[in-house]
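Trainee: Submitted below is the structure of interest, expressed as structure tokens.
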Amino acid sequence: MGNQWFRCKQFLIRQDQCAMKVGTDGVILGAWTEVVGAGRALDIGTGTGLLALMLAQRSQKLIIDAIEIDLAAARQAAENVAGSVFSEKISVQASDFRDFDPEAGVQYDLVICNPPYFNRAFKAAGTGRTLARHTDALDLAGIFSRADQLVREKGRISIIVPSDQAPGALEIAGVQGFYPERILKVHPVPGAAPKRHCLEFTRSNATPRVNSLVIEAHGRHGYSDAYRELTKDFYLDM
């Protein structure tokens, strides 16, 4: 992945104005999230616009609203969308999710978010990077509380979190009446503990489907067959 840009098979991400660059977490979440049956989606904290563009590539009928609190990142996401073949399907708005007010009556079939992780870490240098990395402006409780008003009765919420935060995420979601339908445990290498959990929630309290994914099975950049299969529609060299 280039520092200033990231090229996918069907779009180019410029990221020189974004505090947080494209990473494996976002690619996994965008490729793994269920899009069948979704008519309208909301990407919270879109950053570069990666998740919105991935969803647009995966579903021809999906209409996507993407919001971003950092003005520089929002502008760059809008530029990335405008330069893609999916520009008519995605609307980018500079907005704090806590204040986000969609058009009257609009609800979403899918809410997706690669949320800030570092709620117990030292603050990163620079306002943009702090917003991208910390939960000061967006925490899981805020996501699920607000999403309860925005998600259709049969809609879904899809997020990725560090594995040590997954139990807390499940508890927070449950308070708002959302329960895990799918869980993906992401292992960096074979035999290692999972570092990330992808979690997809609905309002149906049933036993979730749990799977695991190993990223690198054959040394550095020796990606597993499962990882290649998941991401093959996006990476140029998969």
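Trainee: Bin all alpha-carbon pair distances of the range 148-238 at 5 Å intervals from 0 and give each bin's fraction as a whole percent.
Mentor: P(r) for the range 148-238, in whole percents per bin: 3, 13, 20, 20, 16, 12, 9, 5, 1.
Trainee: Treating only the Cβ atoms of Lys and Arg (+1) and Asp and Glu (-1) as charged, compute the dipole magnitude of the chain about its Cα centre; round to the nearest 20 debye.
Mentor: It comes to approximately 500 debye.
Trainee: Beyond 21 Å, what percent of the Cα pairs of the chain remain?
Mentor: So the portion of pairs separated by more than 21 Å is 55 percent.
Trainee: I've got another one for you. In the structure shown, do any of 61/154; 61/232; 9/61; 21/154; 21/185 have a Cα-Cα gap over 26 Å, and if so which?
Mentor: Exceeds cut-off: 21/154.
Computed from the coordinates by the stated procedures, all read-outs in this text should not be read as laboratory data. Worth saying up front: this structure is predicted, and the values here are computed from it rather than measured. Cβ atoms come from the backbone with ideal geometry, glycine included; neighbour counts cover every protein chain shown.
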